[in-house]
Amino acid sequence: MVAPDPRSPTPLTRERLLRQADALEPLPATATRLVTLLSQSEWMIRDVEEVVRLDLGLTARVLRFANSAWTAHLPSVSTVRDALMRIGVGTALSLAIAEGVRPRLLKPLPAFDLQPGRLWQHAVAAALATEIVTRRARTPIPPETVTASLLHDVGKVVLDEAMDEATLTALRTAWTSGSLSRIEAERQVLGMDHGELGGYVARHWGLPERVAAAITHHHTPAAARSTICDVVHLSNGVAKLSGFGPLIAEIDGPIEGDVLARLNFSPTDLHTFCSELTDRMRTGQERFH
């Protein structure tokens, strides 16, 4: 028997991917405090205000967005409380989260053929789509849903950083075989897909279980059976349909009709969401920069 070459790279296994996720630096402390607060069954706006005011950088971003071009038709605001009332606590949370994840999502992802900034643009579009869906929803949407949408593809970052040439070749062979979806190919080659890995990252960061579950199942929402996951799945699809996502070859599944039904939307609503998102991407994405 020939002994394995000690110089050969360690195979990219599920266990190695999880170790890579464990090595990620934590989210900003303010973001963790906010998401913990908002995931509680009861919270008050003054509690959110206090957390935001203790972070001068986040305070500046919240006030800047509250007085941005998106709200130019409204009187200016000068207090954190008024700014939160205008933009919503879910948006404030996404601003806090974005500060920690933006550098990673701006990087190119060669394993997914994504150019610099492309994944970040998609993440922002999905978060803005969630805000649009939330305003038109017939049922309450938890505020942390925006964060789940912003982070839904974070597993791709870990996959790309850990990827070796042999595994990438195996993945691309599986992707182009025609018999497997991209998600199925990831599971076959790696033992997990980027959604499951992203959910693991969310738990590593101390985010609530329902946020982690929504990230895990954003391509398989029926498995989660949660409003957050349904909205993330829908927002991901709306962002792609609006042109703010991967290339056509990388689109990994349509919006499930059952999701629209559970949220009391119709296919016609998709056209409205896409139109509004295109407008919002011209004015609303500035807050993430």
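The values are calculated or read from the model by the stated rules, or taken from the named source; none is laboratory data. Bear in mind that the values here come from a model prediction, so they are computed numbers and not experimental data. Ideal geometry is used to build each Cβ from the backbone, glycine not excepted, and the neighbour counts take in all protein chains shown. These accessible areas exclude ligands, DNA and RNA; they are computed on the full protein's heavy atoms, side chains included. Shrake-Rupley method; radii C 1.70, N 1.55, O 1.52, S 1.80 Å.
Observations on the model:
- Looking at segment 22-102, the accessible area is 50 square angstrom per residue; that uses a 1.4 Å probe and ignores ligands, DNA and RNA.
- Protection-proxy order for peptides 30-41, 85-96, each taking the mean of Cβ atoms within 10 Å per residue, highest first: 85-96, 30-41
- Mean separation of Cα contacts under 8 Å, 6 or more apart, over the residue count of segment 1-151: relative contact order %: 21
- Close amide H pairs (under 5 Å, H built 1.01 Å from N) link Leu114 with Leu109, residues at least 5 positions away or on another chain.
- Label of the coordinate-derived value, Rg and Dmax of the Cα atoms in Å, listed as (1) 19.4, 77; (2) 24.1, 85; (3) 19.4, 62: (1)
- Computed [θ] at 222 nm, deg cm²/dmol, the chain (DSSP H ≥ 4; -39,500 (n - 2.57); rounded to nearest 500): -18500 deg cm²/dmol
- Across the chain, C-alpha contacts under 8 Å between residues 6 or more apart give a mean separation that, scaled by the residue count, equals a relative contact order of 22 percent.
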